[in-house]
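Below is one structure; the comments refer to it alone.
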Amino acid sequence: MTTLTRILSTTAFKLAAIYLTSFTALSVFLFIFISQNTDDLMNKQVVQTVDAEIQGLVEQYAQSGINGLIVGVERRVRSPNSNLYLILDYSGNVITGNIAYLPEKVLSVSDGRIQFVSYTPLGLAETNRNKGEAIVRIFELPGNFKLLVGRDLEDQVHLKSLLGDALTLWLVGMVVLAGITWFFLNRRILKRIDNFSMSSRLIMEGDLAGRLEVTGNGDEFDRLANNLNVMLDRIEELMTGLKEVSDNIAHDLKTPLTRMRGRLEAALRQNLSENEGRECLDETLVETDELINTFNAVLRIARVEAGSTGVELQLVKLADIVKDVCELYEPVAEDKGVVFTVSLEDEPVIEGDRELLAQALANLIENALKYGRPDAGNVKPAIKVFLSGTDEQAILSIEDNGVGIAEADRERVCNRFVRLDSSRHAPGSGLGLSLIKAVVTLHHGELQLTYAGRPADSESDGQSGLRARIILPLSKGQRGEGEGNETWDKARKKNATS
Amino acid sequence: MRILIIEDDREAADYLLKALKEAGHSPDHADNGEDGLELAISNTWDVLVIDRMLPKRDGLSIIETLRASGDETPVLILSALSQVDDRVTGLRAGGDDYLSKPYAFSELLARVEVLSRRKAGPQVETKLQVADLVLDRLAHSVARAGQEILLQPREFRLLEYLMKYAGQVVTRTMLLENVWDYHFDPQTNVIDVHVSRLRSKIDKGFDFPLLHTVRGAGYSIRDNSN
């Protein structure tokens, strides 16, 4: 497509063409209207003047006969810018007047009707015939004389041609100006659209980091480009996530599968005793279970991330869940020599899924148990679970006194299958935090990971310990009315029976 | 125990039939929903094991039909769909328990056996007894060999559940589901720790142990002394 055809096919150009056409039509109409009316008005005036003249001359003829009429006409002819006069005798000869030539047929109409004629004024050469336009009236006087009185229309013709020129100029100017405007405007728009197309083509070809150009002048193209860029950010994020997941699936699911396959193959090749065979099968079974667990976890996260499909949010008392889960894990912590403290400062009610919230908290506690070991050998590991609330939010925090997570890693650890190098040796799938994050997002909450405090040995200045904070919005009922309303009792009852 | 398995996967069904026979039960099998429903209605069963997705007739609709006709045979639903919400729909349709695939046979066996007990009638015994261990539901007290044992509320519920199904194997997942009412899989051995605490209270210092660990399956309270 050439630039011209592209310009012609743009919406802006089509609109401009429509406007231009209708504007031209209106202008022409207006011009015709004005010139027609002006013409009519002027003609009327001319006719009035002519009529008055005729009246005067007819009276003069009545008073003083043909000679008086001739004198009167001759006097009037001499005055500058005079009307047109002509007196003819009965045989059609000119007695006096200031007209050199008139078409024959004009003179034969002598009933006084208004006639538009071409004439040649007296004093012009024969070759310049029909030089003037005029309105004339011809009367027959008693005695077979004919009297012609008329008025030259030169002024009117002049005005008409003036108006015509003005219109032409006006139209040409308008078209040219509009053309120039639209050409440049279109070129600018087309250029930006071409830029967009080119950028998007590059992105489609795989350069996911590419973005559309934003000029910064805040026009509609900038807004569009901004929105598209945000969309591209999201797509890139998802693609990166997907790639990461597939890479990790490759690693985290394929590794145990390879191991399993190898073991089974080796078992087939060797002549195993019954006990050895049994042992091999046992190990394989354990590994299969681990794989199933990982698989279930991935599915569960996908499910939770997909949104509320199937998950019914109900009013739940967070404190009950915290109590349940902490009670479940307390003996484990104690067995591992971990100081486990729980403090429930508030009794927030939130809209949530009891099962998922419990699992999220269980994951956090399990993480703390697994990774929250302090560096210094003489310090006892400690886990603190803390539930508090504000008017709007419930805040659940789990703190340990381990090494914590460096700031640079905090965002990354919430991704699927991500395991920090320091924890790769410990059993686990790298899915715990992803699930927590998904659960918190489902509940419109926020997951914050920070350092819990200074390290236990307090010799270095750095910070240590992980504080995971889950901030969840309170249920509408509790935010509004507080304790004692019906829904609250229902939630309490539900948890009491469970 | 007569068990009907309605499952369309031939291999899985064969495996189940074989394993249940080995465990001393008499299982039967249907490989589609229509036949399954017919078999379920025309015979008496102790437990039905029904796959959720079946040819000809959906597993849930079989259960709904049975329940509508007043048949209260315990049903264990098997499903490749795991997760809580599927579980909830399954139980709402009238199922008694839910097991997601893939499962361990020991888990299925334990659940089937516990379900068959449920059919025997809702015994609201106020006292549960295994050998010299007595649990009084009304007084909320536990005693062994006449000697009172103090338990935490959760330990009491744990023991209550184990004793209710005394002699049968109870898996860790079943304990988490029934004693704590949670359905997720803890990565750590939380249940083991709770059970070992309970064990130290009811078995330590007495003549013979009552709370046994069943390798690869779970726990069981029974009197092995004689």
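There is at least one residue in segment A:41-49 that is over 17 Å from A:Phe145 (Cβ atoms) and among the charged types (D, E, K, R).
Kindly list, by first and then second residue, each pair from a residue in segment A:207-230 that is more than 15 Å from A:Ser197 (Cα to Cα) to a residue that is modelled with pLDDT of 85 or more, limited to pairs with Cβ atoms under 7 Å and residues at least 6 apart or on different chains. Correct list of pairs: A:Thr215/A:Asp222; A:Gly216/A:Asp222.
Each row is one residue, and each column tells you yes or no for (1) of a type in the set (Ser, Thr, Tyr); (2) facing another protein chain (nearest Cβ under 8 Å); (3) under 43 Å from the mean Cα position of the chain (by Cα).
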| position | (1), (2), (3) |
| --- | --- |
| A:Phe295 | no, no, yes |
| A:Arg300 | no, yes, yes |
| A:Lys323 | no, no, no |
| A:Cys326 | no, no, no |
| A:Glu334 | no, no, no |
| A:Leu364 | no, no, yes |
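Could you grab me the full set of residues in segment A:89-120 that are among the small types (Gly, Ala, Ser), part of a strand (DSSP E or B) and more than 18 Å from A:Val73 (Cβ to Cβ)? Result: A:Ser118, single match. Note on segment B:89-148: among residues that are under 23 Å from B:Trp45 (Cα atoms) and in a strand (DSSP E or B), the one that is farthest from the other protein chains (Cβ to nearest Cβ) is B:Asp97. Just one residue in the set A:Arg263, A:Arg303 is surrounded by 19 or more Cβ atoms within 10 Å (Cβ to Cβ), of a type outside the set (A, V, I, L, M, F, W, C) and modelled with pLDDT under 85; that residue is A:Arg303. Among residues of segment A:146-157 that are closer than 15 Å to A:Asp39 by Cβ and among the charged types (D, E, K, R), those with a Cβ under 7 angstrom from a residue that is modelled with pLDDT of 85 or more and part of a helix (DSSP H, G or I), sequence gap 6+ or separate chain, pair up as A:Arg151/A:Val46; A:Arg151/A:Thr49; A:Arg151/A:Val50. Within segment A:155-173, identify whether any single residue is part of a loop (DSSP other than H, G, I, E, B), over 27 Å from the mean Cα position of the chain (by Cα) and of a type outside the set (Val, Ile, Thr), and answer yes or no. For segment A:155-173, residues part of a loop (DSSP other than H, G, I, E, B), over 27 Å from the mean Cα position of the chain (by Cα) and of a type outside the set (Val, Ile, Thr): absent. What residue, of A:Val316, A:Val332, is surrounded by 20 or more Cβ atoms within 10 Å (Cβ to Cβ), at pLDDT below 90 and over 19 Å from A:Leu466 (Cβ atoms)? Only one candidate passes the filter, namely A:Val316. Selection of first residues in segment A:341-358 that are within 13 Å of another protein chain (Cβ to nearest Cβ) and of second residues that are surrounded by 17 or more Cβ atoms within 10 Å (Cβ to Cβ) and of a type in the set (Phe, Trp, Tyr), restricted to Cβ pairs under 8 Å at least 6 apart or on distinct chains, gives the following pairs, ordered by first then second residue: A:Glu355/B:Tyr182; A:Glu355/B:Phe184; A:Ala358/B:Tyr182; A:Ala358/B:Phe184. In segment A:13-28, the count of residues that are at pLDDT 85 or above, part of a helix (DSSP H, G or I) and in contact with a strand residue (DSSP E or B) (Cβ under 6 Å, 6 or more places away or on another chain) is zero. Against the list (1) more than 8 Å from chain B (Cβ to nearest Cβ); (2) modelled with pLDDT under 85; (3) not in a helix (DSSP H, G or I), the condition A:Val311 fails is (1).
Okay, residues lined up against (1) loosely packed, with under 15 Cβ neighbours inside 10 Å; (2) touching a residue at least 12 places away in the same chain (Cβ under 8 Å):
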| residue | (1), (2) |
| --- | --- |
| A:Val71 | yes, no |
| A:Arg75 | yes, no |
| A:Ala100 | no, yes |
| A:Ile114 | yes, yes |
| A:Val117 | no, yes |
| A:Ala134 | no, yes |
| A:Arg137 | no, yes |
| A:Leu141 | no, yes |
| A:Val175 | yes, yes |
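Residues in segment A:227-239: is at least one under 20 Å from A:Ala297 (Cα atoms), modelled with pLDDT of 75 or more and over 15 Å from the mean Cα position of the chain (by Cα)? So far as segment A:227-239 goes, yes, one or more of its residues are under 20 Å from A:Ala297 (Cα atoms), modelled with pLDDT of 75 or more and over 15 Å from the mean Cα position of the chain (by Cα). Taken as a whole, segment B:28-51 holds at least one residue that is crowded, with 19+ Cβ neighbours inside 10 Å and either in a loop (DSSP other than H, G, I, E, B) or in contact with a Phe, Trp or Tyr (Cβ under 6 Å, 6 or more places away or on another chain) (or both). A:Asp252 falls short on exactly one of the conditions (1) closer than 26 Å to B:Ile191 by Cβ; (2) away from chain B (no Cβ under 14 Å); (3) of a type in the set (D, E, K, R); (4) exposed (fewer than 14 other Cβ atoms within 10 Å of the Cβ), and that condition is (4).
Before we move on, is A:Ile436 within 14 Å of chain B (Cβ to nearest Cβ), crowded, with 19+ Cβ neighbours inside 10 Å, at pLDDT 65 or above and touching a helix residue (DSSP H, G or I) at 6+ places or on another chain (Cβ under 9 Å)? In short, yes.
Given the structure, is A:Ser22 under 30 Å from A:Arg188 (Cβ atoms) and surrounded by 11 or more Cβ atoms within 10 Å (Cβ to Cβ)? The answer is no for A:Ser22.
On the given criteria, is B:Gly167 surrounded by 19 or more Cβ atoms within 10 Å (Cβ to Cβ), in contact (Cβ under 8 Å) with a residue 40 or more places away in the chain and not β-branched (Val, Ile, Thr)? Answer is no for this residue. Assess whether B:Glu160 counts as being touching a residue at least 24 places away in the same chain (Cβ under 8 Å), in a helix (DSSP H, G or I), charged (D, E, K, R) and closer than 30 Å to A:Thr294 by Cα. No; evaluated as a whole, the condition is false for this residue. Across segment A:371-388, not a single residue is classified as under 43 Å from the mean Cα position of the chain (by Cα) and either within 14 Å of another protein chain (Cβ to nearest Cβ) or not polar (S, T, N, Q) (or both). Within segment B:139-162, one or more residues are crowded, with 20+ Cβ neighbours inside 10 Å, of a type in the set (Val, Ile, Thr) and at pLDDT 85 or above.
So, in segment B:164-200, of the ones that are part of a loop (DSSP other than H, G, I, E, B) and among the aliphatic types (A, V, I, L, M), which residue ends up nearest to the other protein chains (Cβ to nearest Cβ)? Result: B:Val169. For B:Phe208, the criteria (1) more than 12 Å from every other protein chain (Cβ to nearest Cβ); (2) within 30 Å of A:Ala368 (Cβ to Cβ); (3) more than 22 Å from the chain's Cα centre (by Cα) hold in every case but one, which is (2). Comparison of B:Gly59, B:Gly90, B:Gly70 shows that the only residue that is among the small types (Gly, Ala, Ser), more than 21 Å from B:Leu175 (Cβ to Cβ) and touching a strand residue (DSSP E or B) at 6+ places or on another chain (Cβ under 7 Å) is B:Gly59.
Every residue, every condition in (1) aliphatic (A, V, I, L, M); (2) at pLDDT below 60, yes or no:
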{"residue": "A:Asn401", "(1), (2)": "no, no"}
{"residue": "A:Phe417", "(1), (2)": "no, no"}
{"residue": "A:Asp421", "(1), (2)": "no, no"}
{"residue": "A:Ser429", "(1), (2)": "no, no"}
{"residue": "A:Leu447", "(1), (2)": "yes, no"}
{"residue": "A:Arg454", "(1), (2)": "no, yes"}
{"residue": "A:Ile471", "(1), (2)": "yes, no"}
{"residue": "A:Lys494", "(1), (2)": "no, yes"}
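The values are calculated or read from the model by the stated rules, or taken from the named source; none is laboratory data. Here the structure is a predicted model, which is why all the values come from computation and not from measurement. With ideal geometry, Cβ positions are generated from the backbone for all residues, glycine too; neighbour counts draw on all protein chains shown.
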